[in-house]
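Take a look at the structure set out below.
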Amino acid sequence: DSKDEKKQFEAESKRFQESAINLYQKIVTEYTRYDRTDEVLYYLGKSLIDVERQEEATTHFKRLIQEYPNSQFVPDAWLAVGEYFFNKAELAKALLAYKKAEAYKDSPVYGFAVYKQGWCYINTGDWDSALERFRTVIIYADAQAAATKSGKLSLRKEAQKDYVRAYAHVGNA
C-alpha cells in the first residue's frame, strides 16, 4: 500500500538525516583542522533545521559567523539566525540578523533578507520602514531581472503585495 511505502521512505529519510547530522557533528568536534569546517557547520545547521532542532542549529550558525567571518556561508547563516528569531517572535533580534545578512549585497540571500526586514517592521507596526524595505526589494528584483534576463520575480511579486498591505496603513490617495 502506498501509505506504508511513504512511511517507510520517511523513516529511512529521517535515519539518513540523523546519520548526516552525526557525521557533521563528528567533523566539527574531532577534526578541528578540517579546511571546510565552515561548510560543515552550515550544513549541520541546515540539517538540524530539517529535523526541527532550530535552537541547536542556531548555535552552529553563530559559531560559523564568529569563527569564519569570511566564509561564503556567513550571509546564509545570518539569514537562518534571523529566521530562528523571527519564528520565535523576537523581532528585534531577527531584524538585526536580517540586517547583517543584507550587508552581503552580492549574496543570493540579499533580497530575501531585506524582504524579511519588511515583515519585522509590519509586525511591529512600523509601516513606513516596511514600505521602504519592500520598495527596496522591488527595485533590487527589477535590477536582478534586467541583469540576468531571468524571469525569477516571485520575491518581487510578494514584495509588491506586502507593499500594498503596508501602504494601506499609512498611505493616502
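The values are calculated or read from the model by the stated rules, or taken from the named source; none is laboratory data. On a predicted model such as this, the values are computed, not experimentally measured, just so you know. Glycine gets a Cβ as well: all are built from the backbone with ideal geometry, and neighbour counts include every protein chain shown. Accessible surface areas use protein heavy atoms only, side chains included; no ligands, DNA or RNA. Shrake-Rupley method; radii C 1.70, N 1.55, O 1.52, S 1.80 Å.
Things to note:
- Verdict on Gln72 being over 28 Å from Glu12 (Cα atoms), out of contact with any Phe, Trp or Tyr (no Cβ under 6 Å at 6 or more places or on another chain), open to solvent by 60 Å² or more (accessible area, probe 1.4 Å) and not in a helix (DSSP H, G or I): yes
- Output for the range 9-18, where each listed residue is polar (S, T, N, Q) and either loosely packed, with under 10 Cβ neighbours inside 10 Å or at pLDDT 90 or above (or both): Gln17
- Failed criterion for Asp50 (all others in (1) touching a Lys or Arg at 6+ places or on another chain (Cβ under 6 Å); (2) open to solvent by 80 Å² or more (accessible area, probe 1.4 Å) hold): (1)
- Answer residue from the range 21-41, given it is outside any loop (DSSP other than H, G, I, E, B) and acidic (Asp, Glu) and is nearest to Asn70 (Cα to Cα) among those: Asp38
- Applying the set (1) open to solvent by less than 80 Å² (accessible area, probe 1.4 Å); (2) more than 29 Å from Tyr34 (Cβ to Cβ); (3) touching a residue at least 24 places away in the same chain (Cβ under 8 Å) to Leu79 leaves exactly one unmet item: (2).
- Flag for Ala166 being surrounded by 12 or more Cβ atoms within 10 Å (Cβ to Cβ), among the hydrophobic types (A, V, I, L, M, F, W, C) and under 30 Å from Glu56 (Cα atoms): no
- Filter pass, Lys62 being surrounded by fewer than 21 Cβ atoms within 10 Å (Cβ to Cβ), within 14 Å of the chain's Cα centre (by Cα), part of a helix (DSSP H, G or I) and at pLDDT 95 or above: yes
- Count of the range 100-119 residues which are assigned to a helix (DSSP H, G or I) and closer than 24 Å to Lys157 by Cβ: 12
- Residue match in the range 83-99 (condition: part of a loop (DSSP other than H, G, I, E, B) and either surrounded by 17 or more Cβ atoms within 10 Å (Cβ to Cβ) or within 13 Å of the chain's Cα centre (by Cα) (or both)): no
- Any hit, the range 21-40, residues being out of contact with any strand residue (DSSP E or B) (no Cβ under 8 Å at 6 or more places or on another chain), more than 30 Å from Glu90 (Cα to Cα) and open to solvent by less than 60 Å² (accessible area, probe 1.4 Å): yes
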